[in-house]
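Undergrad: Could you have a look at this structure, given as structure tokens, before my questions?
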Amino acid sequence: MASTPPGAVHRDVATTPLTVLGVPNSASAYCVGVERAPAAMREAGLVEALRATGLEVVDAGDLTMRRWRPDPSHPFAQNVDEEARATAELAGAAGRLLGEGRRLLVLGGSCVVAVGMCAGMRIAGARPQLVYVDRHLDLNTPSSTAEGSLSWMGMAHALGLEGAAPELVDATGRTPVLSPRDLVYLGADPTNETTQWERDRIDELGIEVVDQAAMCADPAHAAARARAHLTDEPFVVHLDVDVLDFLDAPIAENVNGRNSGPTISVLGRSLAVLIGDPQCWGLSIGQLDPNHAISDPTALPRLIATLGAALTPAPSADGELTT
């Protein structure tokens, strides 16, 4: 692995430019919809809201638009070739931007963007570490489930688990992209929202899970626990918006998270701990469906305000900025 570029490890929240990059891709999702998320977030005022906090924000535009389509040739790994190309494209773009010393906000798309972000860290010269904020573990493979949606199999492919699709596992060259010791979950519900296959992989690999109950009870402490599991080196955060209570924030592709999970406000308290860490190189967001978000016109503005607060250093008691 390449050595970390001098001065590129710490991303000071107050001074490091933030680059926004869209990945309008639903190839691996359950259906079309999430590919519209980057445009919807911008239309809801994301870039302007971030700049209003005082952050230096660069909008780098979008990568290639890719939409889900029925793929009978890969019934259990729908559109795997297209998803592999999307992952490789993101890895290259993220690697370049992170290597320039920027912080990165990636707007997916499906949750497979987390794989591309981790590969981008490696290209930039760092060992990938990931806090995965999601209701699900995403450890299924095409041989463990008949669902066919790679969007809930991303971590299985990042870890190169048995049964994962080789096209996606090998998409960024060096595999596996991620080691089990460098992955920690925050907000997962291993009892009700995961398969037995996934629970067995957690036990087998010894992956840390700070669960949904812990996150809702004390979001800042839960986030600190998740962060403490990783080494004091660079890491990225991935947010699947289906971690949220769907009644508070009806914005996810998956509509089953009703009456459980954190609100946007609670999520914000966890993100502030994670993103405020100077070793945090970036955040990716997945599974946001604008078609659902129109049911509550306040949801996207509230999420954007939460992201802005989490990405902005807070003043200390003496007026100095702290991270």
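Undergrad: Could you tell me the center-to-center distance, by alpha carbons, between region 83-112 and region 122-199 in angstrom?
TA: Between the Cα centres of region 83-112 and region 122-199 lies a distance of 16 Å.
Undergrad: Rounded to the nearest whole Å², what accessible area per residue is found for the chain with the 1.4 Å probe?
TA: Per-residue accessible area for the chain comes out at 37 Å².
Undergrad: Note down the accessible area of residue 245, probe 1.4 Å, to the nearest 10 Å².
TA: 30
Undergrad: For region 114-193, what ratio Rg/Rh do Cα atoms give with a Kirkwood hydrodynamic radius?
TA: Details: Rg = 12.3 Å, Rh = 12.8 Å.
Rounded to two decimals, Rg/Rh equals 0.96.
Undergrad: Separate question: When every alpha-carbon pair in region 204-300 is counted, what percent end up more than 16 Å apart?
TA: Values: 2709 of 4656 pairs.
The share of Cα pairs beyond 16 Å in region 204-300 comes to 58 percent.
Undergrad: So for 76, 235, what's the accessible-area order with a 1.4 Å probe, most first? Numbers along the way, then the final one.
TA: Details: 76 100, 235 0 Å².
Most to least solvent-accessible, the answer reads 76, 235.
Undergrad: Now a separate question. Taking every pair of alpha-carbon atoms in region 14-69, give the share separated by more than 19 Å as a whole percent. Could you put the intermediate results ahead of the total?
TA: Details: 560 of 1540 pairs.
Counting pairs separated by more than 19 Å, the tail of P(r) holds 36 percent.
Undergrad: Given a 1.4 Å probe and every protein chain left where it sits, what share in percent of the accessible area of region 63-162 is carbon and sulfur? Show your work: numbers first, answer last.
TA: Values: 1490 of 2860 Å².
Answer for region 63-162 is 52 percent, counting heavy atoms of protein chains only.
Undergrad: Once neighbouring chains are kept in place and the probe is 1.4 Å, which whole percent of the accessible area of region 163-274 is contributed by carbon and sulfur?
TA: Details: 2140 of 4410 Å².
Carbon and sulfur: 49 percent of the exposed surface of region 163-274.
Undergrad: Indicate the gyration tensor shape class of the chain (rounded, prolate or oblate), computed on the Cα atoms with a ≥ b ≥ c the square roots of the eigenvalues: a/c under 1.5 is rounded; otherwise a/b larger than b/c is prolate and the rest oblate.
TA: Values: a/c = 1.31, a/b = 1.22, b/c = 1.08.
The shape class here is rounded.
Undergrad: Using the per-residue mean of other Cβ atoms lying within 10 Å as a proxy for protection, in what order, highest first, do the peptides 83-92, 54-63 fall?
TA: Highest mean packing first, the order is 83-92, 54-63.
Undergrad: Still on this structure, I have one more. Based on Cβ point charges of +1 for Lys and Arg and -1 for Asp and Glu, what charge dipole magnitude is obtained for region 214-323 about its Cα centre, in debye rounded to the nearest 20? Working shown, then result.
TA: Numbers: 5 positive and 13 negative charges, 27 e Å.
Here region 214-323 has a charge dipole of around 120 debye.
Undergrad: Right, here's the next one. For the chain, what proportion of DSSP beta bridges, expressed in % and rounded to the nearest 5, is antiparallel?
TA: Details: 3 of 36 bridges.
Given both bridge residues lie in the chain, the antiparallel proportion sits at roughly 10 percent.
Undergrad: Also, I was wondering about something else. Can you give the calculated 222 nm mean residue ellipticity of the chain, where each DSSP H run of n ≥ 4 adds -39,500 (n - 2.57) and the sum is split over every residue, rounded to the nearest 500 deg cm²/dmol? Before the final figure, lay out each step's value.
TA: Numbers: 12 runs with 109 residues, N = 323.
Dividing the helical sum by the residues of the chain leaves -9500 deg cm²/dmol.
Undergrad: On to the next question. Just to confirm the filter: which trypsin sites (Lys or Arg not before Pro) across region 147-210 are DSSP coil and have at most 14 other Cβ within 10 angstrom of their Cβ? Mind showing how you got there, number by number?
TA: Details: sites: 174, 181, 199, 201; in loops: 174.
For trypsin sites (Lys or Arg not before Pro) across region 147-210 that sit outside H, G, I, E and B with at most 14 neighbouring Cβ atoms in 10 Å, the list reads 174.
Undergrad: Please compute the length gained on full extension between residue 174 and residue 217, using 0.36 nm multiplied by the number of residues separating them and subtracting their Cα-Cα distance.
TA: Working: separation 43, 0.36 × 43 = 15.48 nm, distance 3.88 nm.
Separation in residues times 0.36 nm, less the Cα-Cα distance, equals 11.6 nm.
Undergrad: Residue 169 accessible area, nearest 10 Å², 1.4 Å probe?
TA: Probe radius 1.4 Å; accessible area of residue 169 about 20 Å².
Undergrad: Hey, another quick one. Using a 1.4 Å probe, how large is the accessible area of residue 152, given in Å² and rounded to the nearest 10?
TA: For residue 152, solvent-accessible area is about 40 Å².
The values are calculated or read from the model by the stated rules, or taken from the named source; none is laboratory data. Since we're looking at a predicted model, the values are computed, not measured. Quick reminder, even Gly has a Cβ in these numbers, built from the backbone with ideal geometry, and neighbours come from all protein chains shown. Ligands, DNA and RNA are excluded from the accessible area calculation, which covers all protein heavy atoms including side chains. Shrake-Rupley method; radii C 1.70, N 1.55, O 1.52, S 1.80 Å.
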